[in-house]
Every structure is written in structure tokens, then in C-alpha cells.
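Each remark here refers to the structure printed beneath this line.
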Amino acid sequence: MVRPDLSPWRDGLRTGLHVFVSIGALTSVYFVAPMDRPDHLSALALIAGAVALSAVIGALQIRSILRSRRPSLRAIEALAFSIPLLILSFASIYFLLSQSDGAAFTEPLSRTDALYFGVTVFATVGFGDIAPASQPARLVVTIQMICNLLVLGIGLRVVVGAVQVSRQRQG
């Protein structure tokens, strides 16, 4: 009797676990990070840090997809880390902006509100219950929209291309 190869299932379950753990870890860091001393410098430093970190992580993720024996699963892991990192970075900025300027948004934002708003902007649904009211807040929202378009357009294309290249090397 020939035993079926269960390694694809095992790899898929491992990927699911990695996705769950990475999203949980990122979200936990967001909710416990010390952001109780708001100032505009913190928001600007966070934007710069998030962009730099995203670029480095993105490059490492593409490299790992290219080297992976299961590039599609590795791509899922990469996106499941990178997209929440982007959203949580902007949620942190929104929270800091709201803390430093009570009029930055149509209402003060808790961490949960800031996360909700970041996801709303990423998903481009714009419920309208929270909106940027100050010029700095509108500028940050605009930056997130541009980053979202870049991630969805260029980022996804690069990830899919890396998966294809990896599969061609293996095939």
C-alpha cells in the first residue's frame, strides 16, 4: 500500500499557524506598545520607520519566496505579515495624531478606533463615522492611500512574480 504524501498538508497547516501567530503578535504589540506620550515627532518617526521597515521586510520576503520549495505558501505568509504591518503602522500614527491633536479626526481615537480607521482606509470603504479633520491627519491618510495602492498594485505583482520565478526554477 502506497502512503499518500502528507507534506503539502503539513506545510499548509504550518503556513496557517505562522499567519495566525504573526497577525496575533503584530496586533498584540500594537495594543501594548507605549504610545502614551504623543507628539508630532513620534508620528513622523513612525512613518519613516514603518516605510523603512516595510521596504526591508518586503525585500527579505521576496528573497525567501524565491528560495522556498513552496513559494505560494511562502507568499501567503509574506502578505499575511506585510499587510497587517502596514495597517497597524498607520493605526499607530492615527492614534498618536489623535492623542496629540484632539481635532485631528472627527472624534478622538482609541487604539481600537485607530485600527478600525486604518482598516477602513485600507479597504477603501470609508464608512464616514471617522474622518481626518486636520491637515496633518489628512496628509497621513493620503500617504496610507498611496501606500495601499502601491502594495496592492506593485507589491502583489512582485510577490506573484517571485512565486512564478521560483516555480520555474523548481520545475
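Readers should treat all values here as calculations from the given coordinates under stated rules, not as data from a laboratory. Everything quoted here is computed from the prediction, not taken from an experiment. Note that each Cβ is placed from the backbone with ideal geometry, even for glycine, and that neighbours are counted across all protein chains shown.
For ARG70, no residue whose modelled amide H falls within less than 5 Å of its own remains once neighbours fewer than 5 places apart on the same chain are excluded. Counting only the backbone N, which residues of segment 86-110 are under 17 Å from the spot 7 Å out from the Cα of ALA133 toward its beta-carbon? Under 17 Å, as judged by backbone N against the label point of ALA133, lie 94-110 of segment 86-110. 3J(HN,Hα) along segment 118-133: x, 5, 4, 5, 4, 7, 6, 8, x, 4, x, 6, 10, 9, x, 10 Hz, from the Karplus curve 6.51 cos²θ - 1.76 cosθ + 1.60 with θ = phi - 60°, whole Hz, x for Gly and Pro.
Taking 0.36 nm per residue of separation and subtracting the current Cα-Cα distance, fully stretching the chain between ARG69 and VAL165 would add 33.4 nm.
Quick check: the angle from helix 7-32's long axis to the longest principal axis of the chain, C-alpha only, nearest 10 degrees? Approximately 10 degrees, to the nearest ten.
Proximity of backbone amide H atoms, modeled 1.01 Å from N, is registered between LEU109 and no other residue at under 5 Å, excluding neighbours fewer than 5 places apart on the same chain.
At a temperature of 4 °C and a viscosity of 1.567 mPa s, determine how fast the chain diffuses translationally according to Stokes-Einstein, using the Kirkwood radius over alpha-carbon pairs as Rh; express D in µm²/s, rounded to the nearest whole number.
Details: Rh = 17.5 Å.
Translational D for this selection: 74 µm²/s.
Each Cα pair under 8 Å and six or more residues apart adds its sequence gap; the mean of these over the residue count of the chain is a relative contact order of 26 percent.
Taking other Cβ atoms within 10 Å as a rough exposure proxy, PHE127, PHE117 sort from fewest to most as PHE127, PHE117. Between THR112 and ILE143, the modelled label-to-label distance comes to 2.8 nm, taking each label 7 Å out from Cα in the direction of the beta carbon. Summarising the label geometry, the points placed 7 Å from Cα in the beta-carbon direction at ASP11 and LEU26 lie 2.3 nm from one another.
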